[in-house]
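K.L.:
I have a structure here, written as structure tokens, and I will follow up with some questions on it.
The values are calculated or read from the model by the stated rules, or taken from the named source; none is laboratory data. Remember, predicted model here, so these are calculated numbers, not experimental data. Cβ coordinates were reconstructed from backbone atoms using ideal geometry, including for glycine residues, and neighbour counts include every protein chain displayed. Each accessible area value is taken on the protein alone, full model and side chains, heavy atoms only, with ligands, DNA and RNA left out. Shrake-Rupley method; radii C 1.70, N 1.55, O 1.52, S 1.80 Å.
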Amino acid sequence: MLPTLALLLDLVGVAVFAASGALVASRKQMDIIGFGLLATLTGIGGGTLRDLILGRPVFWIVDQTYLVVCLVIAALLYVTAHLVQRRYVVLLWMDALGLAAYGVLGAHIAYKAGVGPFPALAMGVMTATFGGVIRDVVSQEAPLMLKPEIYATAALAAAAAYLAARGLELSAFPAAGIGIATGFALRAGAIARGWTLPRYRPRAGRNYD
């Protein structure tokens, strides 16, 4: 059984990402199977990659609760998504919350597995972003990860803040709170104010004559 923090973050991340997948399915006017597929792929995608890389038992095979959560959310949104007038906006904010929670969770699980800080950061980013990438590719949407505003950087910030807090000997729960708040605030700024990282600007080549 997962420790309390990991279980809580895993359920939050799966539920929020599953909802974002189901909202995309509603925008694409899919049938109930499409809702279930997108919700499940989005909800469990990042955690599956994390567990495979770390050599852990895949979480949704060990505990089928996660699949049930994805399918229940898909069914609920299949009959209620039309009530949400601005579904893309809701999708962005749900994705932001899932991004922050899963960024911390990936780093937490890697930290507990005894890996170094840089692999733990990578696990945080992969866990937080992979499900959303699958969702966008399958639904033929432009991946949020490739849009100009800050996205993967928010997951990286969430993981880094969590690991830094643990390095300062904070316990898991307050460290997770700091990490989630950091990642969510950064992504919220990107959504609300269009925050971006500096972009590459092409320069003229050197003249060697």
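K.L.:
Among [x] 56, 32, 31; [y] 59, 41, 37; [z] 65, 43, 29, which one is Cα extents along the principal axes in Å computed from these coordinates?
P.N.:
[z]
K.L.:
Which value at 222 nm does the chain reach when only helices count, each DSSP H run of 4 or more adding -39,500 (n - 2.57), with the total divided by all residues and rounded to the nearest 500 deg cm²/dmol?
P.N.:
-25000 deg cm²/dmol
K.L.:
Need the full-extension length gain, residue 141 to residue 113, defined as separation in residues times 0.36 nm minus the C-alpha distance. One decimal, nm.
P.N.:
Computed gain between residue 141 and residue 113 is 6.6 nm.
K.L.:
Using the basic label-point model (7 angstrom from Cα toward the beta carbon), what is the residue 80 to residue 173 distance in nanometres?
P.N.:
2.8
K.L.:
If you don't mind, there's one more thing I want to ask. By accessible area of protein heavy atoms, probe 1.4 Å, what ranking do 108, 82 get, highest first?
P.N.:
Most to least solvent-accessible, the answer reads 82, 108.
K.L.:
Kindly state, to the nearest 0.05, the FRET efficiency for residue 185 paired with residue 164, given R0 = 22 Å and r defined as their beta-carbon distance.
P.N.:
The computed FRET efficiency comes out at 0.90.
K.L.:
How high is the FRET efficiency from residue 61 to residue 90, r the C-beta distance, R0 35 Å, rounded to 0.05?
P.N.:
With R0 = 35 Å, the Cβ-Cβ based efficiency is 0.70.
K.L.:
Using 0.36 nm per residue, how much length does the chain from residue 72 to residue 200 gain when fully extended, once their Cα-Cα distance is taken away?
P.N.:
41.8 nm
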